[in-house]
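Reading through the structure tokens given below for one structure.
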Amino acid sequence: MPPRPSSRPPVRSAESSPPDHASVILLASARGKGQGARAEGGGRRAEGGGRETARRRTGRGAGMPRMDDLRIRTAGPADLDAVLAFWKVAAEGVSISDDRDGVAGLVARDPGALLLAETAGGELAGTVIAGFDGWRCHLYRLAVHPELRRRGVGTALLAAAEERFVRLGGRRADAMVLDRNTAAHPAWRAAGYAPERQWSRWVRPLAP
């Protein structure tokens with residue numbers, strides 16, 4: 001069954017960044033069971049300058065069709081406004097960095113960290129931040145449009161994020177998941193993530 005029409009206009013991302021800018025560009029095609037994600041031009045450009053092929057199959061919820069031509073790419077400066085608008089629709093909770101300066105700083109410092117999933121029509125379907133500081137791999141802002149959930153978008157984004165971590169030498173990924181966002185917990189567990197009860201997050205805001 002196709003998703004119901006949204007009362008909100010679709011959030012569209014900006015024009016694609018050129019391949020030299022995008023460190024991860026995957027094209028997830030669902031035409032047939034045997035097809036998964038493939039890199040544009042026959043391969044995926046690694047951040048070190050090489051190329052490697054990538055195959056990734058998107059998942060689906062019970063009774064839901066696969067997403068056709070789901071494309072995952074890195075965000076650039078032209079995507080900032082679209083991403084912030086998307087998070088207001090799709091993200092759970094807010095962050096102190098949810099403004100243009102915050103996202104611009106992320107993209108400038110780590111151009112491959114913010115990953116976007118787009119539909120064939122160029123509509124923004126999901127996001128994830130896959131940050132690596134040289135020591136730990138951190139996942140933030142895994143968000144999927146409410147009308148496109150349980151159709152493999154989150155699975156494809158996590159796969160792209162984990163591939164980035166492995167390529168950069170990361171050994172373990174951790175994710176920021178709200179305790180109250182219980183609807184998302186089964187998806188994280190299905191992806192192999194689990195809470196560690198011995199740790200607590202201690203924070204101190206640096207800005208008033």
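Throughout, read-outs are computed from the coordinates displayed, never taken from laboratory work. Since the model is a prediction, treat every value here as computed from it, not as a measurement. FYI the Cβ positions are ideal-geometry reconstructions off the backbone, even for glycines, and counts take in every protein chain you see.
Some notes on this structure:
- For segment 107-155, the dipole from Cβ point charges (+1 on Lys and Arg, -1 on Asp and Glu) about the Cα centre works out to 200 debye, to the nearest 20.
- A Förster radius of 35 Å, combined with the Cβ-Cβ distance separating GLN198 from LEU84, puts the computed FRET efficiency at roughly 0.50.
- Gyration tensor (alpha-carbon) shape descriptor, segment 89-204, a/c threshold 1.5: rounded
- Its Cα centre serving as origin, segment 81-208 has a Cβ charge dipole (Lys and Arg +1, Asp and Glu -1) of approximately 460 debye.
- Cleavage-rule hits, trypsin sites (Lys or Arg not before Pro), segment 117-208, DSSP coil, Cβ neighbours within 10 Å at most 13: ARG136, ARG171, ARG172, ARG180, ARG197, ARG201
- For segment 127-137, 3J(HN,Hα) per residue [Karplus equation, 6.51 cos²θ - 1.76 cosθ + 1.60, θ = phi - 60°, Hz, x = Gly/Pro]: 9, 7, 9, 10, x, 10, 9, x, 10, 10, 9
- Cα gyration tensor category, rounded, prolate or oblate, for segment 83-128 with a/c compared to 1.5: oblate
- Charged neighbours of LEU84, selected by a Cβ distance under 12 Å, balance to -2 (K, R count +1; D, E count -1).
- Charge dipole (segment 57-208, unit charges on Cβ, about Cα centre) - positive-most of ALA75, ALA108, ALA159: ALA159
- Loop-resident sites, segment 68-162, for GluC sites (Glu not before Pro), counting at most 15 other Cβ within 10 Å (DSSP): GLU92
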